[in-house]
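Report on the following structure.
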Amino acid sequence: MNSLCFSWMSILLVFLINFHAVHVHGASDKDLISTVCKKAVADDTLKELKYGFCVSSLQADPKSKTYNLFDLGLLSFNNNLKKGLFIRSYIQKLLKDGKQSPNVMERLKGCSQDYAFIGRDMEDAIGAFGSGDFAMAGIPLDIAYNDDIPACQGRFNGGLTSPLTKYENEFRQLLNISFTLTDMNTPSYM
Ligand SMILES: *[C@@H]1O[C@H](CO)[C@@H](O)[C@H](O)[C@H]1NC(C)=O
């Protein structure tokens, strides 16, 4: 074999090894995230959860390619904490800069009460999930999804536009991803 031929063979070999690594291992790692997100989208009877939003929320951590179901659950619960705290501080910012109409300001004051305990609640949820108490972990998520968010949104009923809509929609989607991951981590799940 001449040396030119040898170097082409080496290049081909390196290429094939990398191709294998990316396509076999990369694909199977990504599969867990896509399995979770397909199930989360299927679980959502109202068709509000976007598959792409789900995938990018679970790729937020560059290491999540190597995560198992439990790690992905913790990541998802941490996403809830971040989004809840973001909305709470965004409300404070809007109240402080005073650029909204007096009507909206009034509603936002109410919302700051609705979100007063969001950090504590989402941290409780992380704690319960982390210790494997999946039934307990769902409770604060339920409170956020069914009480806090609708309470704040309801304040804008009657023709007012909430400046929080975009973030609350994202928060609701993140919570639903956690509901699905809680299910999938529960031992009775098949
Ligand atoms: C969350 O899940 C519930 C129950 O399936 C569904 O009705 C709702 O549309 C979902 N919401 C979002 C934002 O995905």
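General remarks:
- Restricted to the range 165-184, and to residues there that are farther than 17 Å from residue 53 by Cβ and open to solvent by less than 30 Å² (accessible area, probe 1.4 Å), the residue that is farthest from the ligand (Cβ to nearest atom) is 184.
- From 150, 187, residue being under 24 Å from residue 78 (Cβ atoms), part of a loop (DSSP other than H, G, I, E, B), away from the ligand (no atom under 11 Å from the Cβ) and of a type outside the set (Gly, Ala, Ser): 187
- Among the conditions (1) outside any loop (DSSP other than H, G, I, E, B); (2) of a type in the set (Gly, Ala, Ser); (3) more than 16 Å from the ligand (Cβ to nearest atom), the only one that residue 60 does not satisfy is (1).
- Residue, farthest from residue 111 (Cα to Cα), within the range 148-160, restricted to residues that are touching a residue at least 24 places away in the same chain (Cβ under 8 Å) and open to solvent by 30 Å² or more (accessible area, probe 1.4 Å): 160
- Filter result for the condition that a residue is aromatic (Phe, Trp, Tyr) and either buried (at least 19 other Cβ atoms within 10 Å of the Cβ) or within 16 Å of the chain's Cα centre (by Cα) (or both), over 117, 86: 86
- Residue count for the range 65-80, restricted to those that are buried (at least 18 other Cβ atoms within 10 Å of the Cβ) and in contact with an Asp or Glu (Cβ under 7 Å, 6 or more places away or on another chain): 1.
- Contacts under 8 angstrom Cβ, first residue in the range 80-103 being closer than 26 Å to residue 137 by Cα, partner open to solvent by 80 Å² or more (accessible area, probe 1.4 Å), 6 or more apart: 81/123
- Meets criteria (on the phi < 0 side of the Ramachandran plot, within 12 Å of the ligand (Cβ to nearest atom), assigned to a helix (DSSP H, G or I) and open to solvent by 40 Å² or more (accessible area, probe 1.4 Å)) for residue 124: no
- Flag for residue 55 being touching a helix residue (DSSP H, G or I) at 6+ places or on another chain (Cβ under 7 Å), more than 12 Å from the ligand (Cβ to nearest atom) and either farther than 14 Å from residue 184 by Cβ or modelled with pLDDT under 95 (or both): yes
- Among the candidates 137, 144, the residue that is more than 14 Å from the ligand (Cβ to nearest atom) and buried (at least 19 other Cβ atoms within 10 Å of the Cβ) is uniquely 137.
- Selection count where residues are open to solvent by less than 80 Å² (accessible area, probe 1.4 Å), farther than 17 Å from residue 149 by Cβ and part of a helix (DSSP H, G or I), scope the range 91-102: 2
The values are calculated or read from the model by the stated rules, or taken from the named source; none is laboratory data. All values derive from a computational prediction rather than experimental measurement. Because the Cβ atoms are built from the backbone with ideal geometry, glycine has one as well, and the counts that use them run over all protein chains shown. Surface accessibility is based on the protein's heavy atoms, side chains included, excluding ligands, DNA and RNA. Shrake-Rupley method; radii C 1.70, N 1.55, O 1.52, S 1.80 Å.
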